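Colleague: Before I ask anything, let me first share the structure, which is written out below as structure tokens.
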Amino acid sequence: MQTRRLRVNPESPAPDAIREAAEMLRAGRLVAFPTETVYGLGANALDEQAVAGIFRAKGRPATDPLIVHLADRAQLTEATVQPSEIAWRLAGQFWPGPLTLVLPRHPRVPLSVTAGRETVAVRVPSHPVALALLRAAAIPVAAPSANRFTRPSPTTAQHVLDDLDGRIDLVLDGGPATIGLESTILDLTQNPPAVLRPGGLPLEALRRVLPEIVLRARFLAPESDEAAPAPGAFLKHYSPRAEVRLFSGPRAETLTAMRTEIERCAHAGRRAGVLAADEDAADFSDLNAEVARLGAEADFTETGRRLFAALRALDQRGVDVILARAPAPEGLGLAIWDRLFRAAEGRLTTPAGRPG
Ligand code: TXA
Ligand code: MG
């Protein structure tokens, strides 16, 4: 299969390009497209064959359900059954945008989309290219992140091609994703409603509307039920080829521990890379380490935007180990913390004894 790359203006994509991509989706083909969170790999959600193609292209296990993308809130009734008053309210407030709602599955949505569940995850993305495509296709579009399974999510069309060239039909190239972290997933079929994955919409914003929301994201919350984890919440996820190590604790001690680790790597003949806040970068400049900057420490918006690209960039520079300092788990920091922890496959060092 030849993968085509079609460049489009991210603000106002050419109607011809959108029409062509929409026709491909309607014909059962695989089309990657930009959303405000990350690039998605789309297929007609009502076409079992097309959906099977997504799992094949990504190398994704059939047990990991897909998110169904809709053009607007009114389409809720096409993919879900009797959406609750709360669902309509949250959709009204946060769509289009980085929020995914888990609701009862409409019978027309194939079980392969939901990995056999009677619930379905749905969202309306806000990216102009994604919205134009969904409107033109006029079908619900199943779209996981457009990366190979376990790799960092793609935030540019080039990332998509690095993972999926020759395995999909088309990628609409609309430039870099603006948020860079996947959507927040809120399960409204649980009582109280539960965030299964922190993401581009901060938990605090959701709780201002619905204070009773609990955090049940695996690895993050004490109330997480390990016996019934959120589907797809694998620990090995978002992983670059290099081994990631996460450090958490007071700044000075943490930076010292990271410097020590870099020196240990050097002695062992391993090349080290660091994901560093701008303020921390100077601490590593005298060491033999590749540094990728994430922006100012307090600027979670910028850090979120750069995170996955930085992991991929350090990989390309050939490092064996990537070190990172954990952010405060607040606002977008919670999603950044979650992605780093999973990229690290749980390798967390807390020099001062307790997680910070
Ligand atoms: O921002 C995003 O959400 C991006 C863009 C492309 O929209 N998509 C994305 O999809 O991150 P993906 O496949 O990488 O993550 C989908 C996750 C699954 O791994 C699973 O955790 C959750 O969504 N999910 C899907 N359906 C679910 C369901 N019925 N119940 C619970 N969780 C579900
Ligand atoms: Mg994914």
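Colleague: Give the range of the longest stretch in the chain that excludes all GluC sites (Glu not before Pro) found in loop regions by DSSP and having at most 14 other beta-carbon atoms within 10 Å.
Modeller: 12-117
Colleague: Would you mind calculating the relative contact order of the chain from Cα pairs under 8 angstrom and at least 6 residues apart, reporting the percent as a whole number?
Modeller: On the way: 812 pairs, mean separation 66.4, N = 356.
Computed value for the chain: 19 percent relative contact order.
Colleague: Could you state the number of Å between the C-alpha centres of region 166-185 and region 287-335?
Modeller: 19
Colleague: Given Cα positions, please report Rg to Rh for region 100-207, the hydrodynamic radius being the Kirkwood one.
Modeller: 0.97
Colleague: Across bins of 10 angstrom width beginning at 0, how are the C-alpha pair distances of region 1-111 distributed, in whole percent?
Modeller: 11, 40, 37, 11, 0
Colleague: Using the Cα gyration tensor of region 294-356, with a ≥ b ≥ c the square roots of its eigenvalues, what is the shape: rounded (a/c below 1.5), prolate (a/b larger than b/c) or oblate (neither)?
Modeller: Here region 294-356 falls in the oblate category.
Colleague: Based only on Cα atoms, what Rg/Rh ratio does the chain have, Rh being taken as Kirkwood's radius?
Modeller: Numbers: Rg = 20.1 Å, Rh = 20.6 Å.
The Rg/Rh ratio comes out at 0.97.
Colleague: Per DSSP H run of at least 4 residues, take -39500 (n - 2.57); add these up for the chain, divide by its residues and hand me the 222 nm value, nearest 500 deg cm²/dmol.
Modeller: For the chain, the value works out to -9000 deg cm²/dmol.
Colleague: For the chain, what proportion of DSSP beta bridges, expressed in % and rounded to the nearest 5, is antiparallel?
Modeller: Antiparallel bridges: around 35 percent, rounded to the nearest 5.
Colleague: Can you list the HN-Hα couplings for region 193-203, worked out from phi with the Karplus curve (6.51, -1.76, 1.60; θ = phi - 60°), rounded to whole Hz and with x for Gly and Pro?
Modeller: Using θ = phi - 60°, the values come out as x, 10, 7, 8, 9, x, x, x, 9, x, 3 Hz.
No lab work stands behind these numbers, since they all come straight from the coordinates. Worth saying up front: this structure is predicted, and the values here are computed from it rather than measured. As a convention, Cβ positions derive from the backbone with ideal geometry for all residues, glycine included, and neighbour counts pool all protein chains shown.
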